[in-house]
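Remarks on the structure that follows.
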Amino acid sequence: MQRRHFFTGAALSTAAVAVASVSRGALAALPEPVIMRGAATAPPLAPTTGRPYRPVVTLNGWTAPWRMKDGVKEFHLVAEPVVREIAPGMRATLWGYNGQSPGPTIEVVEGDRVRVFVTNKLPEHTTIHWHGQRLPNGMDGVGGMTQPQIPVGKTFVYEFVARRPGTFMYHPHADEMTQMAMGMMGLWVTHPKAPHPLIAEVDRDFCFLLNAYDIEPGASTPKVNTMLDFNLWTWNSRAFPGIDSLNVRLGDRVRLRVGNLTMTNHPIHLHGHEFEITGSDGGPWPMAARCPEVTVDVAVGQMRQLEFVADEVGDWALHCHKSHHTMNAMGHTVPTMIGVDHQGLVRKIQKLIPDYMVMGERGMADMGEMEMPLPDNTLPMMTGTGPFGAQEMGGMFTTLKVRRDQAPGDYRDPGWFTHPAGTQAFEWTGALPAESRQSGQAPAPAGPPALNVKKPDSGHKH
Ligand SMILES: [Cu+2]
């Protein structure tokens, strides 16, 4: 973490204020912004001032430090271009806050008065909208409607009371398509001020945003006009194998807070456990609305809060269930070659083009192991290595690691799970019985079905 001083006394006098009711005296001593350079998951930030709570862990992210000033929690966000490592081997040129995309998570307590200074170091104007919050209309951050946009180089102040507990998001409401496609977003968690009948105490509390980028292999800046055809599906602007695992102790009650700021829905699926949806950005859900699930669809602009007891040891996959969202750039538009016999043809082409190769005639799994040369600065479409070989994943995929000996409060990766003897799928090496058929069923034809294919020279005319 680095600290940077953006403001000299001279610059302060030109700082703008969003709303006249905000104390101008506050500007006499702006809290210095804290900048994050890395993409590691920061340990939870325990509160040292204000009311106590169990802090969240932001996956591959961090919580913004604050300053208590006359009973007000003060934060300083700097909207600026950032370099984000999407996964080892790929860096993206994004826009974000305080050195990273997403920006830092803001954590406060229900009833806290919060003051957020927002300095615009982007090449264009911006605002921040506080998604899901109850607040005065003039603090809602809709550029042109509830406030003038924050000009380049200026600082605005947002101030309101965090009125209800829950998980919220923040993002620009100014040139939104561009600024969100460039990575400008963050999470906001308001903890309850007292034990709440619908908000459980948990042992581990993780949060992340679903986001997506369209970055051409070899490039580093997202194509901001892409509407649906993204090629990098990310959690907190990280793609597998760059997403940290969620490491918990056996028996822990675990909460996941998942917000979606992409252009499509994501069915988030957990292996080995059932969870309940305990709340959304609308607030905690009544007990009667909760039921066991293993997949929850998080629609665009929604937050879903999942809770479960991690009572099965092991390495459990946690991923988006759209199979194209668990792969990285390249491959989405490759023609299907399954069953096409290229024998002979490849050898002929290789006489002309020695490096020529065919993808996918036996399925795509070979791609996970293939050391194919890639353009600089992109990620293989299927990648990752587990203890038993290629994981053949990408995008929105990570692992929940449940361990008996993970110490309370320890979020470090315990490594791969060791399966007790007799608890793992194994190869059958005995004899295989002949296939049996139900009576009356016709025998399966040998080989693929005959196709009546017109040859290109068969007289086809337009
Ligand atoms: Cu998805």
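The values are calculated or read from the model by the stated rules, or taken from the named source; none is laboratory data. Because the structure is predicted, anything quoted here is derived from the model rather than measured. Quick reminder, even Gly has a Cβ in these numbers, built from the backbone with ideal geometry, and neighbours come from all protein chains shown. Ligands, DNA and RNA are stripped out before the accessible areas are found, and what is left, the full protein with its side chains, is counted by its heavy atoms. Shrake-Rupley method; radii C 1.70, N 1.55, O 1.52, S 1.80 Å.
A few notes on this one:
- With each label modelled as a point 7 angstrom along the Cα→C-beta vector, the Ile353-Val161 pair spans 6.8 nm.
- Full-stretch length increase - Ser439, Leu374 - with 0.36 nm per residue and alpha-carbon distance subtracted: 18.1 nm
- Long pairs among Lys73/Lys401; Lys73/Lys193; Lys73/Lys154; Lys322/Lys401, criterion Cα-Cα beyond 24 Å: Lys73/Lys401
- Our estimate of slack between Ala299 and Glu312, defined as 0.36 nm per intervening residue step minus the Cα-Cα distance, is 1.8 nm.
- Label positions at Lys69 and Thr48, each projected 7 Å from the Cα along the C-beta direction, are separated by 1.8 nm.
- Once all protein chains are placed together, Cys291 keeps about 60 Å² accessible to a 1.4 angstrom probe.
- Residues Met263 and Asn137, FRET efficiency given R0 of 25 Å [Cβ-Cβ distance, rounded to 0.05]: 0.35
- Each of the peptides 62-69, 304-311 was scored by the mean count of other Cβ atoms within 10 Å over its residues; in descending order, highest first, they stand as 304-311, 62-69.
- With R₀ fixed at 22 Å, the C-beta to C-beta distance from Arg290 to Lys193 puts the FRET efficiency at about 0.45.
- Phi angles of the range 208-214 translate, via the Karplus equation with coefficients 6.51, -1.76, 1.60 and θ = phi - 60°, into HN-Hα couplings of 7, 9, 7, 9, 8, 9, 10 Hz per residue; Gly and Pro are given as x.
- Extension gain (nm, one decimal) between Ser323 and Leu345, 0.36 nm per residue minus Cα-Cα: 4.8 nm
- Value of D in µm² per second that Stokes-Einstein yields for the range 56-199, Kirkwood Rh from Cα pairs, at 37 °C (0.692 mPa s): 211 µm²/s
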